[in-house]
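All remarks here apply to the structure that follows.
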Amino acid sequence: MSFKRKDGIVIHDDPQDFEKMRVAGKVAAECLDYITPYVQVGVSTGELDDLCREFIISKGAVPACLGYHGYPKSVCISINHVICHGIPDYERKLADGDMLNIDVTAIVDGWYGDTSRMYFAGKPSVKAKRLTEVTYECLMRGIDVVKPGARLGDIGAVIEEYAHKYGYSVVDMFCGHGLGQVFHDAPNVMHCGKKGTGALLEEGMFFTIEPMINIGKPDGIILANGWTAVTRDKSLSAQFEHSLAVTKDGYEVFTYSLKGLDKPPYKIEK
Ligand code: MF3
Ligand code: CO
Ligand code: CO
């Protein structure tokens with residue numbers, strides 16, 4: 001267990017902490033693998049939530065979202081113009097052409113693994129596919145700059161640069177976050193910003209990168225349920241998320257798919 005902080009960010013200097021994160025990250029990633037074949041036209045987001053919760057519990061883990069600040073469900077499912085924190089609902093059945101993000105956080109032995117991916121129901125539009133591809137690439141480019149001596153702003157800068165190349169915008173009302181034995185901790189990981197600014201990255205820092213990219217403007221509004229953020233202009237929004245550590249010479253991602261299902265198109269049967 002580690003209490004050392006630098007710039008307010010926990011430094012995990014015990015190899016055991018990495019091992020705990022590998023286990024928690026694996027359960028969250030496995031849950032996204034598991035749910036993949038169930039994402040079909042006609043299934044409700046409430047049913048997908050039930051399946052994810054049952055999966056997480058079957059692994060001896062706890063769904064972190066359930067009851068978190070009063071959040072009523074186990075995962076977030078954000079469809080089309082929903083930016084994030086879509087609340088699963090038995091009335092909302094997936095329709096042909098829907099694009100959706102499923103965001104799973106599992107707690108294993110007190111440690112948090114947090115990851116999300118995009119999925120398609122039926123046949124996606126060309127613009128949905130393109131936004132999804134670019135958003136995945138934004139996440140991976142953001143991850144790729146992580147190493148000791150880099151700065152937090154370097155991550156946002158590469159994400160923003162890549163998104164803007166396609167005319168997309170980067171949501172700035174939500175960010176990635178430190179995690180470990182807590183769900184949301186320092187630092188705030190902005191998905192836009194300036195190279196060479198922000199906190200210096202150090203070996204042993206654990207955080208998420210989870211860019212939300214919109215086809216239209218970056219502005220979002222929160223619905224009356226107090227959680228769900230949607231794009232103000234109703235444009236499509238996509239997101240991918242990984243949990244990772246800064247290592248001696250780079251990074252370690254804790255939430256890769258074990259089945260090569262990190263991004264669509266997914267070809268898998270139940
Ligand atoms: N998993 C989300 C994140 O990436 C947080 C969801 S909190 C909830 O940080 F309460 F909305 F579920
Ligand atoms: Co997160
Ligand atoms: Co998440």
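The values are calculated or read from the model by the stated rules, or taken from the named source; none is laboratory data. None of the values given here were measured: they were computed from a predicted structure. All Cβ positions, even for glycine, are placed from backbone atoms using ideal geometry, and neighbour counts span all protein chains on display. Keep in mind that these areas ignore ligands, DNA and RNA; they rest on the heavy atoms of the full protein, side chains included. Shrake-Rupley method; radii C 1.70, N 1.55, O 1.52, S 1.80 Å.
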Output for the range 231-258, where each listed residue is more than 30 Å from residue 15 (Cβ to Cβ) and open to solvent by 10 Å² or more (accessible area, probe 1.4 Å): 232, 233, 234, 235, 236
Leading residue by the ranking (least open to solvent (accessible area, probe 1.4 Å)) among those in the range 188-197 that are of a type outside the set (A, V, I, L, M) and within 16 Å of ligand 1 (Cβ to nearest atom): 191
Subset of the range 198-229 that is in a strand (DSSP E or B) and either open to solvent by less than 10 Å² (accessible area, probe 1.4 Å) or among the polar types (S, T, N, Q) (or both) - its residue that is farthest from ligand 3 (Cβ to nearest atom): 214
Residue in the range 174-199 that is nearest to residue 21 (Cα to Cα), counting only those that are in contact with a Gly (Cβ under 7 Å, 6 or more places away or on another chain) and hydrophobic (A, V, I, L, M, F, W, C): 186
Any chance residue 42 is in contact with a strand residue (DSSP E or B) (Cβ under 6 Å, 6 or more places away or on another chain), free of Cβ contacts under 8 Å to residues at least 60 places away in the same chain and more than 20 Å from residue 111 (Cβ to Cβ): yes
Among the candidates 88, 15, 63, 72, residue that is of a type outside the set (Phe, Trp, Tyr), within 12 Å of ligand 1 (Cβ to nearest atom), surrounded by fewer than 20 Cβ atoms within 10 Å (Cβ to Cβ) and within 27 Å of residue 185 (Cβ to Cβ): 72
Residue 98 open to solvent by less than 30 Å² (accessible area, probe 1.4 Å), among the charged types (D, E, K, R) and more than 16 Å from ligand 3 (Cβ to nearest atom): yes
